[in-house]
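A.B. asks: Okay, handing you the structure first.
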Amino acid sequence: MAKSKTQFSCTECGNITTKWSGRCEACGEWNTIVEDAPLSTGPSSATLGTSKGRSVPLTDLRTEETPPPRTHSGMAELDRVLGGGLVPASAILVGGDPGIGKSTLLLQAAAQFARQGMKTIYVSGEEASAQVRMRAQRLNLTDAPVQLAAETNLRDILTTLEQEKPQLAIIDSIQTMWSDTVGSAPGSVSQVRAAAHELTSFAKRKGMAVILVGHVTKEGQIAGPRVVEHMVDTVLYFEGERGHQFRILRAVKNRFGPADEIGVFEMTGSGLSEVINPSALFLSDRGEPSPGSVVFAGIEGTRPVLIELQALVAPSPHSQPRRTVVGWDGGRLAMILAVLEARCGIPFTGLDVYLNVAGGMKINEPAADLAVAAALLSAREDAALPADTVVFGEISLSGALRAVGQTENRLKEAQKLGFTTAIAPKGGKSLTVDGIALNRIGDLTGFVGDVFGAG
Ligand code: TYD
Ligand code: MG
């Protein structure tokens, strides 16, 4: 056996290095490199292939096999994010901030899958069984045939799973699990990686689906879910703003379905309830048309969603004006401010700018550019856009507007929710949707002139 050498890894992205440094070379995070024990110490002196192995049979891509049967939980939002139900023998990671509602979601999912006849085991490493049962009572799930365990020792858990042979095991959370073959503390990179590896390979071997819960960690004291992202088939993030009741379950990787799909939930006093029509919910608080408020017709995954953007522009008392963004990318905001200034001659110097995506939603689409510009201009000019208008389109650095995908779906959703006008970029194929007047604009200057009367 080779002598084990010290190695270091990043608690954010899991990158392995041989020496410590203040900043991770792979992901650029600071103070996330920690020492860890290597996963295994295999023979290292002889390189593989020096002695002859057996040759592996090769096959082609033809197959007669039917796709795996999927189990639907009955929670439509969850099933869609999973790519159309749960695939047997798959490994799923559900990440999210502490307290966002991961345990609540997974206890509800466990109950649903168990009611569909799947043998389901829920292993909690964070709470005692009594606590989980209390939550189940609050969620009205006590009748569901889910089996509970409060345990953190991986060896005991695997032995139990081996005996019980469940079809689904939920591990809450992966950071509390520890393997006695690894020397470091629970939650360290090597423990988390070892536990995830053991559980996923067990799942693949035995045909059991496994859902791992992972806390997103800000401080890097314990390893975050990104360390295990590459080991699992599906990565879901549960996100939302604290203080808002909306929660978004977002697929960022899925070997069995489209990535970028979202499911929308609402946190209520009795657990998470599904939001079948998110547009209606996101727009429900909208009152009279007010300056700075613009409705963006977006696409999340395969589904159109209307979202309200709010901007506030006010004279700044500071020498460095504020730029504050919630739910959108700050760098992208700076870009749009720069384009407005350089191409349209509308400066924001000396003005504080606040941009907020209503409802705690996070938008990643560049198609929101034009809606953001509209909100900024509307706030700056103190002129409200008509209440029945939706806006979408990408802005390029030249100030030109670029067509975006799925225009028709966006327009249909707007029409469904009672909007009558859409402002969109020129280009792309021409189309009409009944009940929507489409105003196609070529560049940002044209937009300013059209909508705000020459700015
Ligand atoms: P939890 O599922 O424990 O979060 P996580 O596992 O991600 O750490 O949920 C925590 C929050 O959810 C807690 O602050 C209370 C709230 N909550 C409700 O509002 N309603 C409910 O029915 C439940 C069970 C929790
Ligand atoms: Mg929890």
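A.B. asks: When you go through (1) in contact with a helix residue (DSSP H, G or I) (Cβ under 7 Å, 6 or more places away or on another chain); (2) within 29 Å of E413 (Cβ to Cβ); (3) of a type outside the set (D, E) one by one for V216, which number turns out not to apply?
C.D. replies: Here V216 clears every test but (2).
A.B. asks: Do we have G96 as in contact with a helix residue (DSSP H, G or I) (Cβ under 7 Å, 6 or more places away or on another chain) and modelled with pLDDT under 95 here? Can you show your working first?
C.D. replies: Numbers: in contact with a helix residue (DSSP H, G or I) (Cβ under 7 Å, 6 or more places away or on another chain): yes; modelled with pLDDT under 95: yes.
It is true that G96 is in contact with a helix residue (DSSP H, G or I) (Cβ under 7 Å, 6 or more places away or on another chain) and modelled with pLDDT under 95.
A.B. asks: Is the range 133-152 home to any residue that is in a helix (DSSP H, G or I), among the hydrophobic types (A, V, I, L, M, F, W, C), within 12 Å of ligand 1 (Cβ to nearest atom) and surrounded by fewer than 21 Cβ atoms within 10 Å (Cβ to Cβ)?
C.D. replies: We begin by selecting, within the range 133-152, every residue in a helix (DSSP H, G or I); these are 133-138.
Pick out the ones that are also among the hydrophobic types (A, V, I, L, M, F, W, C) and you get 134, 136.
Subsequent filtering for residues that are within 12 Å of ligand 1 (Cβ to nearest atom) retains 134, 136.
In the following step, the residues that additionally are surrounded by fewer than 21 Cβ atoms within 10 Å (Cβ to Cβ) were identified as 134.
Yes - at least one qualifying residue is present in the range 133-152.
A.B. asks: Anything in the range 425-442 that is in contact (Cβ under 8 Å) with a residue 24 or more places away in the chain and either touching a Ser or Thr at 6+ places or on another chain (Cβ under 8 Å) or of a type in the set (A, V, I, L, M, F, W, C) (or both)? List them, or say none. Full working, then the answer.
C.D. replies: Step one: list which residues in the range 425-442 are in contact (Cβ under 8 Å) with a residue 24 or more places away in the chain, which gives 425-428, 431, 433, 436, 438, 441-442.
Listed by number, the residues that qualify are G428, L431, V433, I436, L438, I441.
A.B. asks: Could you please find all residues in the range 276-322 being under 14 Å from G360 (Cα atoms) and either within 19 Å of the chain's Cα centre (by Cα) or assigned to a strand (DSSP E or B) (or both)?
C.D. replies: Filtering the range 276-322 down to residues under 14 Å from G360 (Cα atoms) leaves 278-279, 281-285, 305-310.
P278, S279, F282, V305, L306, I307, E308, L309, Q310 - these are the residues of the range 276-322 that are under 14 Å from G360 (Cα atoms) and either within 19 Å of the chain's Cα centre (by Cα) or assigned to a strand (DSSP E or B) (or both).
A.B. asks: If I filter the range 107-125 for residues that are surrounded by 24 or more Cβ atoms within 10 Å (Cβ to Cβ), in a helix (DSSP H, G or I), within 12 Å of ligand 1 (Cβ to nearest atom) and hydrophobic (A, V, I, L, M, F, W, C), do I get at least one hit?
C.D. replies: Checking the range 107-125: at least one residue is surrounded by 24 or more Cβ atoms within 10 Å (Cβ to Cβ), in a helix (DSSP H, G or I), within 12 Å of ligand 1 (Cβ to nearest atom) and hydrophobic (A, V, I, L, M, F, W, C).
A.B. asks: Could you list, in sequence order, the residues of the range 205-226 that are over 29 Å from E164 (Cα atoms) and without any contact (Cβ under 8 Å) to a residue 12 or more places away in the chain? Outline the logic, then answer.
C.D. replies: Step one: list which residues in the range 205-226 are over 29 Å from E164 (Cα atoms), which gives 216-224, 226.
Across the range 205-226, the qualifying residues are K218, E219.
A.B. asks: Which condition does I299 not pass, out of (1) under 30 Å from N254 (Cα atoms); (2) touching a His at 6+ places or on another chain (Cβ under 8 Å), if it passes all the others?
C.D. replies: Condition not satisfied by I299: (2).
A.B. asks: If you don't mind, another one. Just checking, how many residues over the range 341-381 are assigned to a helix (DSSP H, G or I) and either surrounded by 24 or more Cβ atoms within 10 Å (Cβ to Cβ) or in contact with a Lys or Arg (Cβ under 7 Å, 6 or more places away or on another chain) (or both)? Let's see the steps before the verdict.
C.D. replies: Start the filter on the range 341-381 by keeping residues that are assigned to a helix (DSSP H, G or I), which leaves 341-344, 358-360, 366-381.
Narrowing further to those that are either surrounded by 24 or more Cβ atoms within 10 Å (Cβ to Cβ) or in contact with a Lys or Arg (Cβ under 7 Å, 6 or more places away or on another chain) (or both): 367-379.
Final tally of qualifying residues: 13.
A.B. asks: Are there any pairs, at least 6 apart or on different chains, whose C-beta atoms fall under 8 Å, with the first in the range 227-242 and among the basic types (K, R) and assigned to a strand (DSSP E or B) and the second at pLDDT 95 or above and buried (at least 18 other Cβ atoms within 10 Å of the Cβ), and if so, which?
C.D. replies: Hits for this filter: zero, empty list.
A.B. asks: Among the residues of the range 251-268 satisfying the criterion of being touching a residue at least 24 places away in the same chain (Cβ under 8 Å) and surrounded by fewer than 22 Cβ atoms within 10 Å (Cβ to Cβ), which is farthest from E229 (Cα to Cα)? Walk me through it before giving the result.
C.D. replies: Filtering the range 251-268 for residues touching a residue at least 24 places away in the same chain (Cβ under 8 Å) gives 251, 253-258, 260-265, 267.
Now drop any that are not surrounded by fewer than 22 Cβ atoms within 10 Å (Cβ to Cβ), which leaves 253-258, 260, 267.
Details: K253: 9, N254: 11, R255: 12, F256: 15, G257: 16, P258: 16, D260: 15, M267: 26 Å.
That would be M267.
A.B. asks: Next question, about the same structure. Could you tell me whether any residue of the range 145-158 is under 23 Å from the mean Cα position of the chain (by Cα), modelled with pLDDT of 90 or more, closer than 23 Å to H72 by Cα and not polar (S, T, N, Q)? Don't jump to the end; show me each part of the working.
C.D. replies: Within the range 145-158, the first condition is being under 23 Å from the mean Cα position of the chain (by Cα), and the residues that meet it are none.
No: the range 145-158 contains no residue that is under 23 Å from the mean Cα position of the chain (by Cα), modelled with pLDDT of 90 or more, closer than 23 Å to H72 by Cα and not polar (S, T, N, Q).
A.B. asks: Within the range 389-406, does at least one residue satisfy the condition of being aromatic (F, W, Y), in a loop (DSSP other than H, G, I, E, B) and buried (at least 24 other Cβ atoms within 10 Å of the Cβ)?
C.D. replies: First, the residues of the range 389-406 that are aromatic (F, W, Y): 392.
Keeping just the survivors that are in a loop (DSSP other than H, G, I, E, B) gives 392.
Filter once more, keeping what is buried (at least 24 other Cβ atoms within 10 Å of the Cβ): 392.
Yes, the range 389-406 contains at least one residue that is aromatic (F, W, Y), in a loop (DSSP other than H, G, I, E, B) and buried (at least 24 other Cβ atoms within 10 Å of the Cβ).
A.B. asks: Also: When the range 77-107 is examined, which residues are found to be over 16 Å from the mean Cα position of the chain (by Cα) and more than 16 Å from ligand 2 (Cβ to nearest atom)?
C.D. replies: Answer for the range 77-107, where residues must be over 16 Å from the mean Cα position of the chain (by Cα) and more than 16 Å from ligand 2 (Cβ to nearest atom): G84, G85, L86, V87, P88, A89, S90, A91.
A.B. asks: In the range 79-103, which residue that is hydrophobic (A, V, I, L, M, F, W, C) and more than 25 Å from K165 (Cβ to Cβ) is farthest from ligand 1 (Cβ to nearest atom)?
C.D. replies: To start, the set of residues in the range 79-103 that are hydrophobic (A, V, I, L, M, F, W, C) comprises 81-82, 86-87, 89, 91-94, 100.
Checking which are more than 25 Å from K165 (Cβ to Cβ) leaves us with 81, 100.
Values: V81: 16, I100: 5 Å.
Only one residue fits best here, namely V81.
A.B. asks: Output yes when any residue across the range 1-16 is at pLDDT 85 or above and of a type in the set (D, E, K, R), and no when none is.
C.D. replies: No, the range 1-16 contains no residue that is at pLDDT 85 or above and of a type in the set (D, E, K, R).
A.B. asks: Within the range 122-140, can one find any residue that is of a type in the set (F, W, Y) and within 16 Å of ligand 2 (Cβ to nearest atom)?
C.D. replies: Step one: of the range 122-140, the residues of a type in the set (F, W, Y) are 122.
Now drop any that are not within 16 Å of ligand 2 (Cβ to nearest atom), which leaves 122.
Scanning the range 122-140 turns up at least one residue that is of a type in the set (F, W, Y) and within 16 Å of ligand 2 (Cβ to nearest atom).
A.B. asks: Given the conditions (1) in contact with a strand residue (DSSP E or B) (Cβ under 9 Å, 6 or more places away or on another chain); (2) away from ligand 2 (no atom under 16 Å from the Cβ); (3) not acidic (D, E), report the number of the one that Q163 does not fulfil.
C.D. replies: With respect to (1) in contact with a strand residue (DSSP E or B) (Cβ under 9 Å, 6 or more places away or on another chain); (2) away from ligand 2 (no atom under 16 Å from the Cβ); (3) not acidic (D, E), Q163 is out only on (1).
A.B. asks: Right, here's the next one. Could you tell me whether the range 196-214 includes any residue that is among the charged types (D, E, K, R) and over 30 Å from S73 (Cα atoms)?
C.D. replies: Kept after step one, since they are among the charged types (D, E, K, R), are these residues of the range 196-214: 198, 204-206.
Narrowing the set further to residues that are over 30 Å from S73 (Cα atoms) leaves none.
Among the residues of the range 196-214, not one is among the charged types (D, E, K, R) and over 30 Å from S73 (Cα atoms), which makes the answer no.
A.B. asks: E164 versus (1) crowded, with 19+ Cβ neighbours inside 10 Å; (2) farther than 18 Å from S273 by Cα: which is the lone unmet condition?
C.D. replies: All conditions pass for E164, except number (1).
A.B. asks: Follow-up question, since we're still on this one. Out of G95, G117, I need the residue that is of a type outside the set (S, T, N, Q) and touching a His at 6+ places or on another chain (Cβ under 9 Å). Which one? Show your work before the answer.
C.D. replies: Values: G117 fails: touching a His at 6+ places or on another chain (Cβ under 9 Å).
That would be G95, the only listed residue that is of a type outside the set (S, T, N, Q) and touching a His at 6+ places or on another chain (Cβ under 9 Å).
A.B. asks: For the range 166-191, what are the residues that are within 16 Å of S9 (Cα to Cα) and away from ligand 2 (no atom under 16 Å from the Cβ)?
C.D. replies: Residues satisfying the conditions are V182, G183, S184, A185, S188, V189, S190, Q191.
The values are calculated or read from the model by the stated rules, or taken from the named source; none is laboratory data. Every value quoted in this text rests on a predicted model; they were computed, and no experiment measured them. Positions of Cβ are backbone-derived with ideal geometry, glycine not excepted, and every protein chain shown enters the neighbour counts.
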